[in-house]
Amino acid sequence: MRDVLPTLEGWWAEGRPVALATVVGTFRSAPRQPGASMLVGDDGQAVGSVSGGCVEGAVYELGSGILEGTDDATLQRYGVSDDDAFAVGLTCGGILDVYVERVDRESFPQLGAIAEAVREHRSVAVATVVSGPAERVGRRLVVWPDEVEGSTGSVRLDDALRDDVRGLLAAGRSALVSYGTDGERRGEGLQVFVESFAPPPRLIVFGAIDFAAAVARMGTFLGMRVTVCDARPVFATSSRFPEAHEVVVDWPHRYLAAEAEAGRIDGRTALAVLTHDPKFDVPLLEVALRLPEIGYIGAMGSRRTHSDREQRLVEAGVTEAELARMSSPIGLDLGARTPEETAVSIAAEMIAHQWGGRGTPLSRRDGPIHTESNVEPVVSAASLG
């Protein structure tokens, strides 16, 4: 919903009803991930996409019926049909579960507050019942770290959701969660889609060099909040890094330690250490490699620089297990030469690290494009509790 939220909020604020279609589950090579959304306006306008074009027409018709009052909110599965070659389906062979509902000021009074939280980069999650008893479908709970609004119609389910949703929100994850009809964590019969709007993941680039500008630009393109940090004020300037969200003049190790102490480093944080100067790199990596929360740590340098840096870290007491967390030399082997090409190489490694990819050309692989390890599954509430 994040991509269509400005339009959705605008129509909602004007009092116009909207049909909102949201991908809540994917299987095999589905073209969009959970949370992808499409709007159908009361004037017939369509905004957004749930499948990149494969089933948009069918979803549009379903949304139009819901707006006209001829259909109720529904969870619809789209996939390949072996029985009818002309049935609406996905040419990629994947399967999408799409939940379509009517949204207006009465049915979703919290939407304005959610949109405001997203704009201000504050964490919030929306838990919507998408299948189960008819009287529960469409009911929702809005969960902030310190506040809850709405109800699913079951106190027991509300209590279970409050805790489970906050766990998903802390990890920045969206998921389709199964419960019993009265909120039993080990039960079945009711599904809730939890869409997390966590602050953007962070990319901290250490070293105000020419490569850093390209890496900062790439991080911003990927939707990350980018910080460039360097101890040298003559190089660490906003004019040299206009696409970074912030430029910090500080010793890298001191800045990282302070950010960790303030709770601003987590498993969605990526570090790109580009200085390849031991007086900066070694103290910084000593701090970084001992922080369990960081998702990705990459360090630039030649093989010789890497060997020297690793030896210095060992002498400083960094263990083999801690060293194994560092990607050095940084990036995937793309044959990159320019700063821009190198930034693509680094971004590719961060993506592969996040989703368990191997960097192998898809043309040289067999089987599905999206492996089970990098597609968000349906989650049992028992596994969250």
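Key figures
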| item | result |
| --- | --- |
| Segment 148-262, Rg to Rh (Cα coordinates; Rh as Kirkwood inverse mean 1/r) | 1.23 |
| 1.4 Å probe accessible area per residue over the chain, in Å² | 47 Å² |
| Accessible area of the chain belonging to carbon and sulfur atoms, whole % at 1.4 Å probe | 49 percent |
| In segment 231-338, the trypsin sites (Lys or Arg not before Pro) that fall in loop regions by DSSP, at most 10 other Cβ within 10 Å | R337 |
| Residue-wise HN-Hα coupling along segment 276-290, computed from phi with Karplus coefficients 6.51, -1.76, 1.60 (Hz; x: Gly, Pro) | 6, 10, x, 5, 9, 5, 5, x, 5, 5, 4, 5, 4, 6, 9 |
| log10 of Debye I(q)/I(0), alpha-carbon scatterers only, for the chain at 0.08, 0.10, 0.12 Å⁻¹ | -0.50, -0.75, -1.01 |
| Chymotrypsin sites (Phe, Trp or Tyr not before Pro) restricted to DSSP loop in segment 154-254 with at most 16 other C-beta within 10 Å | F235 |
| Cleavage-rule hits (trypsin sites (Lys or Arg not before Pro)) in segment 130-187: DSSP loop, at most 15 neighbouring Cβ within 10 angstrom | R186 |
| Relative contact order of segment 187-284, defined on C-alpha pairs under 8 angstrom at six or more residues apart (%) | 30 percent |
| Largest-first principal axis extents of the Cα set of segment 101-214 (Å) | 58, 33, 24 |
| Rounded to 10°, Cα long-axis angle of helix 252-261 versus longest principal axis of the chain | 40 degrees |
| Helix-only mean residue ellipticity at 222 nm for the chain, each DSSP H run of n ≥ 4 adding -39500 (n - 2.57), per residue, nearest 500 | -9500 deg cm²/dmol |
| Excluding exposed DSSP-loop GluC sites (Glu not before Pro) (at most 10 other C-beta within 10 Å), longest clean stretch of the chain | 136-385 |
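The values are calculated or read from the model by the stated rules, or taken from the named source; none is laboratory data. Note that the structure is a prediction, hence the values are computed from the model and not measured. FYI the Cβ positions are ideal-geometry reconstructions off the backbone, even for glycines, and counts take in every protein chain you see. Just the protein is used for accessible areas: all its heavy atoms, side chains included, with ligands, DNA and RNA removed. Shrake-Rupley method; radii C 1.70, N 1.55, O 1.52, S 1.80 Å.
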